[in-house]
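Heads up, the thing below is written out as structure tokens.
The values are calculated or read from the model by the stated rules, or taken from the named source; none is laboratory data. These numbers come from a predicted model, not from an experiment. Note that each Cβ is placed from the backbone with ideal geometry, even for glycine, and that neighbours are counted across all protein chains shown. We work out accessible area using only protein heavy atoms, side chains counted, and drop any ligands, DNA or RNA first. Shrake-Rupley method; radii C 1.70, N 1.55, O 1.52, S 1.80 Å.
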Amino acid sequence: MRKILIVGGGYAGFYTAKKLQKHLARGEAQVTVVDPLPYMTYQPFLPEVAAGSIEPRHAVVSHRRHLKKTTVITASVSKIDHAAKKVTVTPAVGDPWDVDYDTIVVTAGAITRTFPIPGLADEAIGLKNIEEAIAIRDRIADCFAKASNLPAGPERDRLLTFVVVGGGFAGIELFGELRSYASALLRHYKNLTIDDTHFHLVEAMGRIMPEVSLKTSHWVLKNLAQRAATVHLDTQLASAVNGKIELSTGESFESDTIMWTAGVMANPVMRNTDLPAEERGRLRVGADLRVISDAGVVPDAWGAGDVAAVPDLVPNQGVGGFTVPNAQHAVRQGKLLAKNLVADIRGEKPREYRHKNLGAVAGIGLYIGVFQSGPIALKGFLAWLAHRGYHGFAMPMWERKARVFGNWIINFLFRRDLVGIPARDTPRAAFETWAVRPKV
Ligand SMILES: Cc1cc2nc3c(=O)[nH]c(=O)nc-3n(C[C@H](O)[C@H](O)[C@H](O)COP(=O)(O)OP(=O)(O)OC[C@H]3O[C@@H](n4cnc5c(N)ncnc54)[C@H](O)[C@@H]3O)c2cc1C
């Protein structure tokens, strides 16, 4: 049986495996997914998870539960040796081992891209995985609880100052959702008001959300300003040492919660492979998702999603001629990749990837959203409904959709759950403090 190995079970990898399960005939191929995480993450929900509007486990999809005909290995691929047709798999515990394959599919996604800004690596947190979203949710709840015990002053200001760097889609959604979360928390802190909280978004360019029209982005800026959230355009983060934020404009303030959402880059596994990469480190693929080099198609190698530079065949779309890194593309590429792989196994011709962007929809707080498709724009409540409707149904698996919608209905009836669990990082602390030890 042909051995197909998928590196990464996120959007593109999960859908490739799911569709291969459907399209492959019995005995035609054996599919293995390798991913350090036991689940795929529905990343567009991360801002709402951080804001307490979605329970974290509802925003991820278990590989083992939903890829029943696929072999799942929960570990990282640390090296891809395509010449020898083997990958090195490195588990969290135990020694690495090699896995042979006949066909490889690289869908390892992207990681947060950072710059060498003093203090950034030590102080900030990204928003690319569910653990980061949970940590932000708990941190903010904890900051409010601590701040309420303090008199007005620099210490309290630092706790109630929240900074997001990066005004793209993810950054603005996070910023808007957290502003809404903070307002919900304020209802429970009678000694704090909105004026005591400070929200700063730092964006290097002169505008936010390049995916929507300038007019729509201006509406978002106005909306955020009305909600006491400051956006610094044409501004860069210069330093974050010990939580002291210094901006390129000379402005400075302190914060315990610095969130970085300023772009992504191809997964570093691409630095440890003989598969061809383009200048930005992404896997080189053709429009049919087969890996290509200068010499033409590389046999038995495929790629899709954020890790790959997929040519965008739709005129005037994409960046630099390639599809932009988003879920809309990753899902569709994963589905097509599965079909093309089956076609290839059966000696048929693979199809080229072509998808006209459907537009963009974002939630920027409870009951507030924006939607843009070509010249058509929706703002406010209707756009927010479109955002929830689209993403609720786009969440893979009915079981997961039901949990998300169920959670939203419960939140509508009883409001979002504002309980913070700050001791989550030190779960043994209470036990360890009081545990009786043998006498020495
Ligand atoms: C906060 C946020 C909001 C977003 N909102 C939207 C939105 O509203 N609309 C939209 O279209 N897009 C959105 N996106 C972008 C979208 O989520 C990504 O483009 C999409 O997840 C890319 O899919 P992928 O399969 O390429 O990568 P991923 O979904 O990131 O999957 C990559 C997988 O590879 C695994 N992996 C990593 N390293 C290894 C390794 N060494 N070995 C094996 N496996 C590995 C990872 O654990 C992961 O499971 C958002 C992203 C973020 C972060």
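Can you pull out the residues in the stretch 275-300 that are within 21 Å of residue 79 (Cβ to Cβ) and free of Cβ contacts under 8 Å to residues at least 12 places away in the same chain?
Correct list: 277, 299.
Report whether or not residue 17 is in contact with a Ser or Thr (Cβ under 6 Å, 6 or more places away or on another chain) and surrounded by 24 or more Cβ atoms within 10 Å (Cβ to Cβ). Working first, answer last.
On the way: in contact with a Ser or Thr (Cβ under 6 Å, 6 or more places away or on another chain): yes; surrounded by 24 or more Cβ atoms within 10 Å (Cβ to Cβ): yes.
For residue 17, the condition - in contact with a Ser or Thr (Cβ under 6 Å, 6 or more places away or on another chain) and surrounded by 24 or more Cβ atoms within 10 Å (Cβ to Cβ) - is met.
Quick check on the stretch 348-358. Is at least one of its residues in contact with a strand residue (DSSP E or B) (Cβ under 9 Å, 6 or more places away or on another chain), open to solvent by less than 20 Å² (accessible area, probe 1.4 Å), among the hydrophobic types (A, V, I, L, M, F, W, C) and within 16 Å of the ligand (Cβ to nearest atom)?
No, every residue in the stretch 348-358 fails to be in contact with a strand residue (DSSP E or B) (Cβ under 9 Å, 6 or more places away or on another chain), open to solvent by less than 20 Å² (accessible area, probe 1.4 Å), among the hydrophobic types (A, V, I, L, M, F, W, C) and within 16 Å of the ligand (Cβ to nearest atom).
Across the stretch 6-29, what is the number of residues that are more than 10 Å from the ligand (Cβ to nearest atom) and under 18 Å from residue 346 (Cα atoms)? Lay out the reasoning, then the answer.
As a first pass, look at the stretch 6-29 and keep what is more than 10 Å from the ligand (Cβ to nearest atom): 17-29.
Keeping just the survivors that are under 18 Å from residue 346 (Cα atoms) gives 17, 19-29.
Qualifying residue count, the stretch 6-29: 12.
How many residues are under 16 Å from residue 253 (Cα atoms) and either open to solvent by 40 Å² or more (accessible area, probe 1.4 Å) or in a loop (DSSP other than H, G, I, E, B) (or both) when one looks only at the stretch 118-160?
10
Can you name every residue in the stretch 43-102 that is assigned to a helix (DSSP H, G or I), within 10 Å of the ligand (Cβ to nearest atom) and open to solvent by 20 Å² or more (accessible area, probe 1.4 Å)?
The answer is 43, 44.
Please verify whether residue 271 is within 30 Å of residue 84 (Cα to Cα), more than 22 Å from the chain's Cα centre (by Cα) and open to solvent by 30 Å² or more (accessible area, probe 1.4 Å), treating the condition exactly as stated.
No: the conditions fail for residue 271.
What is the one condition in (1) small (Gly, Ala, Ser); (2) in contact (Cβ under 8 Å) with a residue 24 or more places away in the chain; (3) assigned to a loop (DSSP other than H, G, I, E, B) that residue 347 does not satisfy?
Every listed condition holds for residue 347 apart from (2).
Can you tell me how many residues in the stretch 24-42 are surrounded by fewer than 17 Cβ atoms within 10 Å (Cβ to Cβ) and either farther than 27 Å from residue 79 by Cβ or of a type in the set (Lys, Arg) (or both)?
Of the residues in the stretch 24-42, 4 are surrounded by fewer than 17 Cβ atoms within 10 Å (Cβ to Cβ) and either farther than 27 Å from residue 79 by Cβ or of a type in the set (Lys, Arg) (or both).
Tell me, please, whether a residue that is assigned to a helix (DSSP H, G or I) and either surrounded by 15 or more Cβ atoms within 10 Å (Cβ to Cβ) or touching a Cys at 6+ places or on another chain (Cβ under 7 Å) (or both) can be found in the stretch 204-211. Steps first, answer last, please.
We begin by selecting, within the stretch 204-211, every residue assigned to a helix (DSSP H, G or I); these are none.
No, there is no match, as no residue in the stretch 204-211 is assigned to a helix (DSSP H, G or I) and either surrounded by 15 or more Cβ atoms within 10 Å (Cβ to Cβ) or touching a Cys at 6+ places or on another chain (Cβ under 7 Å) (or both).
With respect to the numbered conditions (1) out of contact with any Ser or Thr (no Cβ under 7 Å at 6 or more places or on another chain); (2) part of a loop (DSSP other than H, G, I, E, B), which one is the sole condition not fulfilled by residue 189?
Exception for residue 189: condition (1).
Hey, can you tell me all the residues within the stretch 299-318 that are open to solvent by less than 10 Å² (accessible area, probe 1.4 Å) and aliphatic (A, V, I, L, M)?
301, 304, 307, 308, 309, 310, listed by residue number.
Run down 287, 330 and say which single residue is within 15 Å of the ligand (Cβ to nearest atom) and either surrounded by fewer than 18 Cβ atoms within 10 Å (Cβ to Cβ) or under 18 Å from residue 5 (Cα atoms) (or both).
330
Take the stretch 242-262 and flag every residue that is in a loop (DSSP other than H, G, I, E, B) and either buried (at least 21 other Cβ atoms within 10 Å of the Cβ) or outside the structural domain of residue 167 (by TED's automatic domain parsing) (or both).
255, 261, 262 - these are the residues of the stretch 242-262 that are in a loop (DSSP other than H, G, I, E, B) and either buried (at least 21 other Cβ atoms within 10 Å of the Cβ) or outside the structural domain of residue 167 (by TED's automatic domain parsing) (or both).
Please specify each residue of the stretch 391-440 satisfying the condition of being within 23 Å of residue 136 (Cα to Cα), basic (Lys, Arg) and in a helix (DSSP H, G or I).
If the condition is that a residue be within 23 Å of residue 136 (Cα to Cα), basic (Lys, Arg) and in a helix (DSSP H, G or I), then 400, 403, 424 are the ones that fit.
Any idea how many residues of the stretch 292-309 are near the ligand (Cβ under 10 Å from one of its atoms) and hydrophobic (A, V, I, L, M, F, W, C)?
Here the count works out to 3.
Given 36, 44, 56, 91, which one is closer than 30 Å to residue 422 by Cα and free of Cβ contacts under 8 Å to residues at least 24 places away in the same chain?
It is 91.
The conditions are (1) surrounded by 17 or more Cβ atoms within 10 Å (Cβ to Cβ); (2) of a type in the set (Ser, Thr, Tyr); (3) under 28 Å from residue 159 (Cβ atoms), and residue 239 fails exactly one of them. Which is it?
Of everything listed in (1) surrounded by 17 or more Cβ atoms within 10 Å (Cβ to Cβ); (2) of a type in the set (Ser, Thr, Tyr); (3) under 28 Å from residue 159 (Cβ atoms), residue 239 misses just condition (1).
Just name the residue that is most open to solvent (accessible area, probe 1.4 Å) out of those in the stretch 274-284 that are more than 11 Å from the ligand (Cβ to nearest atom) and hydrophobic (A, V, I, L, M, F, W, C).
Filtering the stretch 274-284 for residues that are more than 11 Å from the ligand (Cβ to nearest atom) and hydrophobic (A, V, I, L, M, F, W, C), the one most open to solvent (accessible area, probe 1.4 Å) comes out as 277.
Anything in the stretch 30-42 that is more than 9 Å from the ligand (Cβ to nearest atom), assigned to a strand (DSSP E or B) and closer than 21 Å to residue 331 by Cα? List them, or say none.
Step one: filter the stretch 30-42 for residues more than 9 Å from the ligand (Cβ to nearest atom), giving 30-32, 38.
If we keep only those that are assigned to a strand (DSSP E or B) as well, we get 30-32.
Of everything in the stretch 30-42, those that are more than 9 Å from the ligand (Cβ to nearest atom), assigned to a strand (DSSP E or B) and closer than 21 Å to residue 331 by Cα turn out to be 31, 32.
Specify which of the listed residues (48, 28) is under 24 Å from residue 129 (Cα atoms) and of a type in the set (Asp, Glu).
48
Of the residues 75, 12, which single one is more than 30 Å from residue 387 (Cβ to Cβ) and either of a type in the set (Gly, Ala, Ser) or assigned by TED's automatic domain parsing to the domain that holds residue 412 (or both)?
Details: 12 fails: more than 30 Å from residue 387 (Cβ to Cβ).
Within the list 75, 12, the selection yields 75.
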